[in-house]
Amino acid sequence: MIFNSLIFIFFFLPISLILYYLTPSLYLKNIVLLIISLLFYAWNDPATLILLILSILWNYLSGIQISKETKHRKLVIITSIVFNVVILFIYKYIDMIVPFEVDTSHVPMGLSFFTFSAISYLGDIITEKVEPQKDIVLFSLYICFFGKISSGPIVTYAKMQPQLELRALNRTKFYTGMVLFIKGLVKKIIFADQFALVFQGLSSNNSVLGAWLYTISYALQLYFDFSGYSDMAIGVSKMFGFDFDINFDHPYMSKTIQEFFRRWHISLGNWFKNYVYIPLGGSRVNNVLYVRNILIVWFLTGIWHGADITYIFWGLYLGIFVLMEKFFLKKGLAKLPRFISHIYTLLIVLIGWVFFFSPSIQSAFDTLLKMFGFGAASFADSDFLFVFTSYLVLIIFGIFFATPIYDKLQIVSYNLLKNKGIIITSIVYVVFFVICISLMVGSTYQSFLYSAF
Amino acid sequence: MSKNLNIKKHIFSILKGLIIVLMCIFLYFTFSKPQASSKDFTTVQNGMLNNIDLSTMELKDNISIKRFLNLEPEMFENIIYYKSQDALNADEIVLVQFKSIDDAKIFEEKMEARIDEQRNIFSGYAPEQEDKLKNSIIDVQMNYACMVVSQDVKTIHDQFLRSL
Amino acid sequence: MKQKRSEIAAHYIARIVFGLMCVVLVINILIPDQKNSQAENRSLQTFPDFSFDDLLSGQFSRDLNNYISDQFVGRDSLIHIRYLLNKMTGVKKIDDVYLGDGTLIQENSTVNEEQMNRNLNAINNFCINHQVRSGFLLVPNAANIQSNSLPAYSNTADQDAQMDQIFSMLDTSVMTIDVRDTLDKHKDEYLYYHSDHHWTSLATFYAFQELASSFELGKVKKSDYTIYRVSDNFKGTLAKKVGSVGIQDDIEIYVSENLDDYVVMDESNGTRSCSIYNSEGLESSNAYDVFLGGNTGLVQIESLNDSDRHLLLIKDSYANSMVQFLLPYYRTITIVDPRYFYEDIERIFNLNLITDVLFLYNTNTFVQDTSIADVLE
């Protein structure tokens, strides 16, 4: 089941919320939430529930075992973590290794996300940042809480643990969560899904501007898709009393690639930093090892997104820019006006996305060459103009909402219009919610991009 | 006393070992889906109908496939449809090779609808035919599928599976 | 202070939306399932049957998703909202339908080469073997003739090239009746419905004038007919597809002044009527069905005129509005729609002493047709 579906919004969510809030104690509430989460998980593919449960049991036992074990500590640690990695590997990367055709259509939902959560839990136990969770209900809830299992954010155990045992269930949190959910829904349905149409409409375009719009529409589609879904996840979680950190912070406003990854898919970046980069020594090593560490992290970031050479290329490409910035680029950029840095970042990121969405390195270079005038049949053709004029309003608003201008405007409107501002905002949100529903009812099923990861 | 302690000490490893075993079983079943057959249609057709008496059956054309089975013949890579010449006999054999594995669902639904329709027609006055329909087999094996209503349904189905 | 304001707004928004969720949940459960959508002209998913197989494969969940979407309360109105949002933001195409100015136009279909070759071969052989007067009337579609009603920069398949190719592949024994020039001359007139993919009776009339001259039926003028407007709020297939608002059509019927009595026998449904105009069809959700009541495999018309000509009309739905013009000239008209025809065409041909054979198709349907060859062979 996904958040942006009618069955979730008008069936699963209201019933879950009602059941949850009718349940008396927090202890019982957690049990109810766990049952709901397991149901949510089993919804599309019941067989995968077995895998989830086995993974939960394994990590539950491992957590306790690691904290107790003294004799074979290293062995236990390695096997505990390797189990998770192997499962992930089998489902995601087996295609790359095995010669015969494997049916990979039943990848368990959120595998990458909950596996990473489990590894982070074990990691934090190893470094003694946290105590193992002995309550199986609470631990299971950490791994499979439906608010974050399908596509993140990847919440560290340290952050979630106190909330499992005690969380404030006040109305403001519920309301704020709902508003955030709607915001995410609007991002996904009105922006991401429509940008997807632009992207598809230009897939066989042969003009320079067509290639640019093709790439830009993907950049916006991906941003609204993933940040929208993250907003929905954080919003849903808030409605059940959990406070999770934001996962996207207007990444297209970044001035350097380093900054970009502090703003894009923040929880994934943090995970790689804390559980790969820092254990490898981070930046507190000599230059050679530092370069190695960066390249390893970026290689893994790339391959996390998919078992394709294009993703690896994308990851390493960005890693190289991070290195260049560290060693000399950043100083150079600081001397230039800020908007130059901004343009530089956008350009590098856009070029990176071409590798991200292209089916092969060859086709990625074809698209890039087209963007810069080589191999394009024209500067602009009628197909490009058709798509551009059809979706101009969408493009303008998409770019607008990728910036923090809207949030600032919101604050200004509250200050200037006071109560009228409240009414206007409320009406706007409700109207856009209804528009989302109308688009969902009318459209064919549009699946969330990141759900394959 | 020491035995209890030992088990307690190793309880985690034992349980985790169990989990590994269960996981392996689970993964095995997940990944051992039937593979698409590389045999060509004529081979499968001949293998499936080997030694089967088709003298009372007729090989039907595309119009009949549309009319009786409610299928669009162009949707498939290959399709043959045998129907009994006798209007009061429910015998039918269908063999298809799919262009895409996604078409299997539609084929299955249409065949189930056909069997239901036939059962409605024959129920109450032709118990033999109704029995044949009850024992009918619809089987999808990745890129091949068959529907068989016949006395020899088991043989035909076995031969179908073996010829893939 | 501003923090509090956003919280107050959140208070209203959340309550309204949560309320909506609960209300819709209850309504969706209480309201009985609809079997068909009037607005969309298709059957709707009903509550899926439960089976363990389906549950395990995830099919049950998918069907349930479709069920909730299809049975959603206010679905028809919501689809109109989607249309308005698209139209107002400048989007010019929904699925394969262009949103023109006050009109909807379907994009041109691409050719299914293999099938089309098969069909043309079958048509050629059929006409060569039977040695009677044979004609092929291929009708261009709206995107072709009224291309200036298409939104700017539209780029759809080159139907002229397709039609030229088809005409060139026909055997000399088959008369090609090319109505493009005629329709082009009148292209600013009401030739195609704004909400439907069919042509109007007016366009059919102009095409009939061409046909009458090729088939030596005689000359006709508009004044030879009494024109009745039978509908002024026809919302056709395209309107239903995109959920358009404010686009509807008139349907006109042309009744010839020299029309004798006739009987219409729908052989596929076993019904008889004394008119080709079907009032049930007119009242239905697809008013174009006023012509012949829609599409069936075999319809037989017998007239009490003194013609000695017998027509075999092999067609798609575009010909439905042509029959009204053919009535005075033929003793019998045998109408075959290959998509629903399961009989023996030779038997039909001989039984009715056919003197004229006419194939009437619109290009979009013809280039994708998969039934003609099977019926003729």
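The values are calculated or read from the model by the stated rules, or taken from the named source; none is laboratory data. Not measured: the values here are computed from a predicted model. All Cβ positions, even for glycine, are placed from backbone atoms using ideal geometry, and neighbour counts span all protein chains on display. Quick note on the areas: whole protein, heavy atoms, side chains included, nothing else; ligands and nucleic acids left out. Shrake-Rupley method; radii C 1.70, N 1.55, O 1.52, S 1.80 Å.
Summary of values
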read-out: Output for region A:246-275, where each listed residue is open to solvent by 20 Å² or more (accessible area, probe 1.4 Å) and aliphatic (A, V, I, L, M); value: A:246, A:253, A:266
read-out: Test: residue in region C:115-122 that is part of a loop (DSSP other than H, G, I, E, B), among the small types (Gly, Ala, Ser) and out of contact with any strand residue (DSSP E or B) (no Cβ under 9 Å at 6 or more places or on another chain); value: no
read-out: Filter result for residue B:31 (within 14 Å of chain C (Cβ to nearest Cβ), free of Cβ contacts under 8 Å to residues at least 12 places away in the same chain and open to solvent by less than 60 Å² (accessible area, probe 1.4 Å)); value: no
read-out: Odd one out for residue C:99, checked against (1) open to solvent by less than 30 Å² (accessible area, probe 1.4 Å); (2) touching a residue at least 60 places away in the same chain (Cβ under 8 Å); (3) away from chain A (no Cβ under 14 Å); value: (3)
read-out: Unique residue being of a type outside the set (Asp, Glu) and over 20 Å from the mean Cα position of the chain (by Cα) when the list is C:313, C:304, C:282; value: C:304
read-out: Residues (buried (at least 16 other Cβ atoms within 10 Å of the Cβ) and outside any strand (DSSP E or B)) located in region B:138-151; value: B:143, B:150
read-out: When residues of region A:333-359 are limited to those that are modelled with pLDDT of 90 or more and not in a helix (DSSP H, G or I), the one nearest to residue A:218 (Cα to Cα); value: A:358
read-out: Which listed residue is out of contact with any strand residue (DSSP E or B) (no Cβ under 9 Å at 6 or more places or on another chain), touching a residue at least 40 places away in the same chain (Cβ under 8 Å) and either crowded, with 16+ Cβ neighbours inside 10 Å or not assigned by TED's automatic domain parsing to the domain that holds residue C:314 (or both), from C:134, C:109; value: C:109
read-out: Those residues of region A:133-192 which are free of Cβ contacts under 8 Å to residues at least 12 places away in the same chain and either over 26 Å from residue A:10 (Cα atoms) or open to solvent by 30 Å² or more (accessible area, probe 1.4 Å) (or both), in sequence order; value: A:135, A:162, A:170, A:171, A:172
read-out: Selected residue (criterion: farthest from the chain's Cα centre (by Cα)) from residues of region A:40-76 that are of a type in the set (Val, Ile, Thr) and open to solvent by 30 Å² or more (accessible area, probe 1.4 Å); value: A:70
read-out: Region C:1-56, subset among the small types (Gly, Ala, Ser) and modelled with pLDDT of 85 or more, residue nearest to residue A:441 (Cα to Cα); value: C:19
read-out: Total residues in region A:39-56, condition of a type outside the set (A, V, I, L, M), farther than 22 Å from residue A:83 by Cβ and more than 9 Å from chain C (Cβ to nearest Cβ); value: 1
read-out: Of all residues in region A:385-432 being closer than 30 Å to residue A:263 by Cβ, at the interface with another protein chain (Cβ under 8 Å from one of its Cβ atoms) and more than 30 Å from the chain's Cα centre (by Cα), the one that is surrounded by the fewest Cβ atoms within 10 Å (Cβ to Cβ); value: A:415
read-out: Residue list for region B:38-79, restricted to those being within 19 Å of residue B:115 (Cβ to Cβ), open to solvent by less than 80 Å² (accessible area, probe 1.4 Å) and touching a helix residue (DSSP H, G or I) at 6+ places or on another chain (Cβ under 6 Å); value: B:48, B:65, B:69, B:71, B:79
read-out: Strands (runs of 3 or more DSSP E) contained entirely in region C:265-371, each with at least 3 residues that are farther than 25 Å from residue C:171 by Cα and open to solvent by less than 60 Å² (accessible area, probe 1.4 Å); value: C:298-303
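A quick yes/no check of all residues on (1) outside any strand (DSSP E or B); (2) within 14 Å of chain C (Cβ to nearest Cβ):
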residue	(1), (2)
B:21	yes, no
B:38	yes, no
B:54	yes, no
B:65	yes, yes
B:71	yes, yes
B:83	no, yes
B:88	yes, no
B:101	yes, yes
B:108	yes, yes
